[in-house]
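The values are calculated or read from the model by the stated rules, or taken from the named source; none is laboratory data. Not measured: the values here are computed from a predicted model. Quick reminder, even Gly has a Cβ in these numbers, built from the backbone with ideal geometry, and neighbours come from all protein chains shown. Surface areas here come from the heavy atoms of the whole protein model, side chains and all, with no ligands, DNA or RNA. Shrake-Rupley method; radii C 1.70, N 1.55, O 1.52, S 1.80 Å.
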Amino acid sequence: MGTRKYFGTDGVRGRVGEAPITPDFVMRLGYAAGVSLAARHDLPAGERPAVLIGKDTRISGYMLEAALEAGFSSAGVDVMLAGPIPTPAVAYLTRALRLQAGVVISASHNPFFDNGIKFFSAHGTKLPDAVEADIEASLDKAMVCMEAARLGRARRIDDAAGRYIEFCKSTFPTECDLRGLRIVVDCAHGAAYHIAPKVFHELGAEVIEVGAHPNGLNINDGVGATNPESLRQAVRAHAADFGVALDGDGDRLIMVDRLGDIYDGDKLLYVIAVAHKRQGRGGGVVGTQMSNLGFEHAIARLGLPFARARVGDRYVLELLHEKGWRIGGENSGHIICLDCHTTGDGIISALQVLAALRKNGQTLGEACADLVFYPQWLLNVPMPAGFDWQADAGITAARDAAARELGDEGRILLRPSGTEPLLRVMVEGRDDAKVERLAREIAAVAAATSR
């Protein structure tokens, strides 16, 4: 991606009130994006570019929505306000309404005091790197407000949630339903709180809602895809057949079966891959550098090609387009089904898993019986700003020594977090005790040398 000043792997993100997540910067960001959009879209004379703005349930969303609206309007761009809706809903509605861009105000799975801004193109995909670079370049230029007659207008879309609910349901096979199933739906007190339960209910399931009462401060707090233990407990307490957990902006999925076993993105993507294989759909599967080696081997046993992308759903999507494949994802729960949507979608991914299980009369455990994971240890090491861990001899030596000890029985991955000042240390292999020891040894060296 090159050096970025503001954009990370998933838009602009940070702590609210600290640069760059401040009202003045976000207004300038809206203006810069508006100028870039106007220059890139050749519209008929007299027509203005239009964008859709959606957000999650963080209290700071009100402030940042107003700032973005002001920035776009000053650049002569019309704004449609959708209110709290999932990130993939913004991608869908941007495309369905034939708008020039979509904007999401969300920090995904982060706590309420963080927030972020991410963009979608007119096609419902993440903005190309070149467009983000152009927006960054425009941020350094002075704002020049349009004359009053050319300012953008703003209006609210009252039926945004309803449109998206119908879209999600349309991806579920018409010959199937969810009648007879009791499903716990955990919305993480996030953007899907008024959408996900309705989707599963309208397809016939008995729905028990968890994390569906946002107050602006409780998003992702002990609930959702990053905290699946609460879902496990709810599934057991209600004797449910399945549990579905989304994250704060609705693009991640983790599931739980009636036994309380947790199924991450690798396992759920495997269920979808098996269904694609049985249906005779061509193509392979894209994972990431974090996908379990056991997952890769299981995909190979299916006779499907497999490729690893960099960590981040945008890179999974890029590799899918490059290879012409349809399904891919991350073990964190970002799953992309390009035959259903242009981006990762937690609700739609859950529907694809449930459709596969209903058609084959299987439980999640039965569907994943041939999938055997290798032990994998992931440790996060705080890194000071500007520290070049790749050039550090101590970290390199520790990694190489661990790799020699593992041999062909595992793998090691060191990578920086895309959203936090952390070095992520991952070690994977057949021997759990050895994997844990090597991960802790590398992490200890990284922590000591970075001080």
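Things worth noting here:
- Once the chain from His213 to Glu366 is taken as fully extended at 0.36 nm per residue, the excess over their C-alpha distance is 51.7 nm.
- Cα centroids of region 1-77 and region 140-176: 14 Å apart.
- With Rh defined as the Kirkwood radius, the inverse of the mean 1/r over Cα pairs, the Rg/Rh of region 154-196 is 1.05.
- Quotient of the Cα radius of gyration of region 315-409 and 2.2 N^0.38 Å, N being its number of residues: 1.55.
- Principal axes of region 369-425: Cα extent on each, largest first, Å: 44, 27, 12
- Spin-label model, Lys277 to Asp140: label points 7 Å out along the Cα-to-beta-carbon direction sit 5.1 nm apart.
- For the residue pairs Lys198/Lys267; Lys267/Lys434; Lys198/Lys323, alpha carbon separations beyond 30 Å are given by Lys198/Lys323.
- Shape summary: region 125-240 maps onto an equivalent ellipsoid whose semi-axes, from the alpha-carbon gyration tensor, are 39, 20, 15 Å in decreasing order.
- A protection proxy built from the mean count of other Cβ atoms within 10 Å ranks the segments 161-170, 86-95, 300-309, most packed first, as 86-95, 161-170, 300-309.
- Scattering profile of region 228-341 at q = 0.13, 0.18, 0.19, 0.24 Å⁻¹ [log10 I(q)/I(0), Debye over alpha-carbon scatterers]: -0.49, -0.88, -0.96, -1.30
- Accessible solvent surface per residue of the chain, calculated while the other protein chains remain in place, 1.4 angstrom probe, Å²: 41
- What a 1.4 Å probe finds exposed on region 242-372 is 47% carbon and sulfur by accessible area, rounded to a whole percent.
- Judged by a Cβ-Cβ distance under 4.7 Å, the unpaired cysteines of the chain are Cys145, Cys168, Cys176, Cys187, Cys368.
- For region 191-242, the convex hull drawn through the C-alpha positions has a volume of 79 cubic angstrom per residue.
- Beta bridge orientation in the chain: antiparallel %, DSSP, nearest 5: 55
- Under 18 Å from Lys55, Cα to Cα: lysines that are on another chain or at least 8 residues apart: Lys118, Lys126
- Compactness index (Cα Rg / 2.2 N^0.38 Å), the chain: 0.99
- For region 172-211, the fraction of alpha-carbon pairs in successive 5 Å shells from zero, as %: 7, 27, 29, 20, 12, 4, 1
- Under the criterion of Cα pairs below 8 Å and six or more residues apart, the relative contact order for region 49-194 equals 31 percent.
- Annotation for region 207-223 versus region 325-346: alpha-carbon center distance of 24 Å.
- The shape of region 270-334 comes out oblate: with a ≥ b ≥ c from the C-alpha gyration tensor, a/c is at least 1.5 while a/b does not beat b/c.
- Rg and Dmax of region 2-130, based on Cα coordinates, read 13.5, 44 Å.
- Of every Cα-Cα pair in region 122-170, the percent that sits beyond 16 Å: 71
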